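Here's the structure, in structure tokens; my notes come after.
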Amino acid sequence: MSAGKGEKLLEVEGLSAGYRPGVAALSDVTFEAPAGSITAVLGPNGGGKTTLFRALLGETPQRSGTVRVNGAVAYVPQTERARLDFPVSALDVARMGTYAATPWWRPSGRAGRERAEAALERVGLADRAGVRFGELSGGQRQRVLIARALAQDARVLLLDEPLSGVDGPSAERILGVLAELREDGHAMLVSTHDIHQARAFDAVVCLHGSQVAFVPPAELTPELLARTYGGEMIVLDGGERAVVVQHHEH
Amino acid sequence: MDLLLDPLRNGITQRALIDLLILGVVCGPLGVWVVLFRQSYSAESMAHSMLPGLVVAALIGAPLGVGAAAGLAVAAATIAIASRQRLVGPDAAVAVAVTTLFGLGTLLALSPQTPLRLGELLFGDPLSVSTADLLASAALALAGLAALAAGHRTLTLGGFDPQSAGNLGAGPGAATWLLLALLALTTLIAVQALGNLLVVAIVIGPAAAALQLCDRLVPALATAAAFAVAAGVAGIYLSYWAELAAGASIAICAVATFGLAAVATSLRGPATRRFLEWSSATE
Amino acid sequence: MIEPFQFPFMQHAALEIALLAPLAGLLGAQIVLRRLAFFTHSVGAASFPGLVIAGPLGIPPALAALGVGGGFAALLERLSKRAGVAADAATALLLVLALAIGIVLASDVFESGASVDQALFGSLLGIGTSELRFSAAALAAALVAALFFRDTWIATGFDAPSARALGLRAATADLVLVVVIAIAVVASLDAVGSLLVSAIFVVPAATVRLFARSLPQLELGAAGLALVEGIGGLLLAYELDAPPGAAIAVLGGAVFAAAALARALTLPAREPATPEAAG
């Protein structure tokens, strides 16, 4: 895959989106993501992170604005959203990424299999291809889901809190995979609550119903975080660490 | 040997065995999806809810197959709507739908004007299958298998991770609709042999057994088909030798496949667990 | 309207409905809120073989049904603890097994004939003083259980993980709830039969759920509606010479359909439960 760095893979301008007509769950979003970049998406629960992803995938009605994408967009869910008791192996899950490219009446065949194997190789799980998905560790499952997105041949990846509920060493491996994908020229949007993590990425989009900011991580000041999270956050260590108060919504 | 060959010598049991073969091949694999999608209640309800269609057909002298098809169309649509109900909860909504339709069928069937035996409709009789029935069943089963093959990816995506299904090329909700339509189709094939109370046995029993034993989809689908056929054949023999109601015998055998699989997995359980601990320790 | 109730059997049936209605309110609310509709239906169906053997063996039907229903619940509990078996699939399997055994017993062992219909759909004539006493006892048991555990039921229904963290009481409360539902279901069998217990315990509560804004509203409303639908069903069954279970079911379904339609027309739709809420 050619790197093509600097080429804009995703351009979003004045985007508003939401399920109900007239009521936008998210408004005025403007940012861009070049090839070879990781952009953190910060914001409180219900702040619009999920709506942004759904809108970029074309699954939430877009009310206004423009979205320009170069190539396909793939979605990487949190592992606990996938069924652990489902009788599929890691390779089976990676192959799901090739389904859309093959017409339903044609078996996905050798080409799809090879693409899925290459994707597993890319995330360092070639040796676990035959293991049942539910028997992998949380971090390995997350990497399998990233492999599935790679098998989709997408250049833009949307990752939904890929590090939540994953232990330290596994998180490091996932971040290592993301760094390699950045080298390959993918553009990644990573929704997260971990502000420390966001500082290590290339850019940050802050959402709170509407876009609060699109800045380089160096400009992620305590004041900006306070505006993003409202009263839901406690900032420690002069802004280096922040604890987000999680709200359970029913 | 005679014990095995006797039933094969008469046309009635021959046809019953062929019918169960057809049934098993399509009900087994479908059941795997039903179990994975947590739609066992819908499967059970679907069969119950077709009762008004059967009774009306019997009352006006229409072929039972036509009544069953009409009853199932109503039942499938009602359950599809009910299982999307968020306000009262899908299970309560399905309960309301099935209770109403089943009650309606019973009222029609037991009102004094109808000289009809409700029992046959409820419990079925595989020994009443005619050659024409067999041909119809075979055609429907082929259609069902074709739909299962064509819908395999949609079902896989929708069952494993519905949130991402749209992004991976499957329409949202498509899997559930496909599943309910296929359930209606297989219930139509199976109802004559098993009756509307027992159809769910051949759908769920072998599938739950296969899912105990297999940890990949395609082997599970094939194993479920084999178990369903085996349960059907064993049920016919059981009813022949022990002179028991045939539909009930098949249902008992279908549940027994699950019991056997559960025993088998608990016997091999400790060994499997040791192997897994060993293989994950060597990573 | 009054004339049918001059007969003692109709008076018994009406009294039975009056005893079941508070159960439909108290337990129906929990069944709808806690997603126990399939379990409720399956306990009813599972008691069918108990009803079949009761007559020929000379055991009181309620006792036989309770025995089989209890065995069913215990087996289900064990099965659902196994890894790899979905609770709904296990429920469906045990349910259909019980029905199949009941059918074999009824048609090949005891040749029960017409009493099968009575066991499956209930009967106006089947309600005697012993059945009424059993229903009264079931009601008393449910009220005592509610006195001790209703708060825990509510807490568990609202947020199961937090309630479990509070201690063992949640597990005990769940067990008590399941047992009380099983007893209540068995109490209703003579009136509505094995296959239609949902007509009493699910349909009225589901209907009231469309409008109720609090748990007491749901409980009282469901009890009231179960009483009205039950008495209406008895009259319908009397007129049509049909089993009361079927009549109550059809009446309840019609009322639910009308209520759902009325709600859709008069009230604005509530917020859809989209994945948005998790975002």
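Assign one of three labels to the range B:160-277, namely rounded, prolate or oblate, based on the Cα gyration tensor with a ≥ b ≥ c the square roots of its eigenvalues; rounded applies when a/c is under 1.5, prolate when it is not and a/b is larger than b/c, and oblate otherwise.
Oblate, since a/c reaches 1.5 and b/c is not below a/b.
State the Cα centre-to-centre distance between the range B:130-181 and the range C:118-160 in whole Å.
One Cα centre to the other: 41 Å.
Kindly provide the helix-only [θ] at 222 nm of chain B, computed as the sum of -39,500 (n - 2.57) over DSSP H runs of four or more divided by all residues, to the nearest 500 deg cm²/dmol?
After summing the helix terms and dividing by residue count, I get -27500 deg cm²/dmol.
At what distance in nm do the modelled label points of A:Tyr19 and B:Leu59 sit from each other, each positioned 7 Å from its Cα along Cα→Cβ?
Here the modelled spin labels are 4.1 nm apart.
Taking each residue in C:37-44, count the Cβ atoms of any other chain within 10 Å of its Cβ, then average. What number comes out?
Other-chain Cβ atoms within 10 Å of each residue's Cβ, averaged: 5.
Less than 14 Å Cβ to Cβ from B:Ser130, Lys/Arg counted +1 and Asp/Glu -1: what total charge do the surrounding residues give?
So the surrounding residues net to -2.
Let me see the P(r) profile for the range C:1-90: every Cα-Cα distance counted, bins of 10 Å, each bin given as a percent of all pairs.
Final binned percentages: 14, 29, 35, 16, 4, 1.
Which order do the peptides A:25-34, C:176-185 come out in when sorted by mean C-beta neighbours inside 10 angstrom, highest first?
So the peptides A:25-34, C:176-185, ranked by packing, come out C:176-185, A:25-34.
If I take every Cα pair under 8 Å that is 6 or more residues apart in chain A, average their sequence separation and divide by the length, what percent do I get for the relative contact order?
This gives 27 percent for chain A.
Once the Cβ-Cβ distance between B:Ala222 and B:Ser266 is put in as r, and R0 is 30 Å, what FRET efficiency do you end up with, to the nearest 0.05?
The value I calculate is 0.85.
Where in chain C is the longest stretch that carries no trypsin sites (Lys or Arg not before Pro) classed as loop by DSSP and with at most 16 other Cβ atoms within 10 Å?
Value returned for the longest uninterrupted segment is C:83-212.
Based on the Cβ-Cβ distance of A:Ala118 and A:Glu32, what FRET efficiency does E = 1/(1 + (r/R0)^6) give at R0 = 41 Å, to the nearest 0.05?
0.90
Does the range B:2-282 classify as rounded, prolate or oblate by the C-alpha gyration tensor (a ≥ b ≥ c root eigenvalues; a/c under 1.5 gives rounded; else a/b over b/c gives prolate, otherwise oblate)?
oblate
So what is the relative contact order for chain C, in percent, with contacts set as C-alpha pairs under 8 Å and at least six apart?
Rounded, it is 30 percent for chain C.
In peptide A:70-77, what is the residue-averaged number of other protein chain Cβ atoms found within 10 Å of each Cβ?
That average works out to 2.
Rounded to the nearest 500 deg cm²/dmol, what is the calculated helix-only ellipticity per residue at 222 nm for chain A, with -39500 (n - 2.57) per DSSP H run of length n ≥ 4?
That comes out to -8500 deg cm²/dmol.
Would you calculate, for chain C, the mean residue ellipticity at 222 nm contributed by helices, counting each DSSP H stretch of 4 or more residues as -39,500 (n - 2.57) and dividing by all residues, to the nearest 500?
About -25500 deg cm²/dmol.
Using just the C-alpha positions of the protein assembly as shown as equal point scatterers, what log10 of I(q)/I(0) does the Debye formula give at each q in 0.06, 0.08, 0.09 1/Å?
-0.44, -0.76, -0.93
Please figure out what share of the DSSP beta bridges in the protein assembly as shown is antiparallel and state it in percent, rounded to the nearest 5.
55 percent
Enter the angle in degrees (range 0 to 90, nearest 10) between the Cα long axis of helix A:138-151 and the first principal axis of the Cα atoms of chain A, meaning the one along which they spread out most.
In chain A, helix A:138-151 runs at an angle near 80 degrees to the longest axis.
Taking a ≥ b ≥ c as the square roots of the eigenvalues of the Cα gyration tensor of the range B:59-199, is the shape rounded (a/c under 1.5), prolate (a/b larger than b/c) or oblate?
Oblate, since a/c reaches 1.5 and b/c is not below a/b.
Evaluate the distance, in nm, between pseudo-label points positioned 7 Å from the Cα of C:Asp241 and of C:Glu77 along their respective Cα→Cβ axes.
Result: 4.6 nm between the two label points.
Given R₀ = 45 Å, FRET efficiency for C:Ser130-B:Leu8 by Cβ-Cβ distance, to 0.05?
Given R0 = 45 Å and the Cβ-Cβ separation, E is 0.30.
With N residues in chain A, what two-decimal value do you get for its Cα radius of gyration over 2.2 N^0.38 Å?
Ratio of Cα Rg to 2.2 N^0.38 Å: 1.01.
With labels modelled as points extended 7 Å from the Cα through the Cβ direction, what inter-label distance (nm, one decimal) is found for C:Leu261 paired with B:Ala143?
3.1 nm
Pop out the ³J(HN,Hα) list for the range A:42-58 in order, Karplus 6.51 cos²θ - 1.76 cosθ + 1.60 with θ = phi - 60°, rounded to Hz; leave Gly and Pro as x.
For the range A:42-58, the Karplus-derived couplings read 9, x, x, 4, x, x, x, 4, 5, 4, 4, 4, 4, 5, 5, 7, x Hz, x marking Gly and Pro.
Which of C:Leu105, C:Leu97, C:Leu147 ends up with the largest GNM mean-square fluctuation for chain C, with Cα atoms connected below 10 Å?
C:Leu147
Provide a whole-number value for the mean count of partner chain Cβ atoms within 10 Å of the Cβ atoms in peptide A:47-60.
3
Defining a contact as two alpha carbons under 8 Å apart and six or more residues distant in sequence, what relative contact order in percent does chain B show?
28 percent
Please sort through the DSSP H helices of chain B and keep those with an alpha-carbon extent of at least 24 Å along the long axis and a Kyte-Doolittle average not below -1.0.
B:11-36, B:64-82, B:90-110, B:131-150, B:174-213, B:217-242, B:246-281
For a quick check: with amide H placed at 1.01 Å from N, whose amide H comes under 5 Å from A:Glu59's, ignoring anything fewer than 5 positions away on the same chain?
none
When Lys and Arg each count +1 and Asp and Glu each count -1, what net charge do the other residues less than 12 Å away from A:Asp28, Cβ to Cβ, add up to?
Here the charged neighbours net out to 0.
Test of understanding: express the Cα radius of gyration of chain C as a ratio to 2.2 N^0.38 Å, with N the residue count.
My calculation over the Cα atoms of chain C gives 1.02.
Bear in mind that the values in this text are calculations on the coordinates, not laboratory data. In this text, all values refer to a predicted model and were calculated from it rather than measured experimentally. Heads up, the Cβs are rebuilt from the backbone with ideal geometry, glycines too, and the neighbour counts pull from every protein chain shown.
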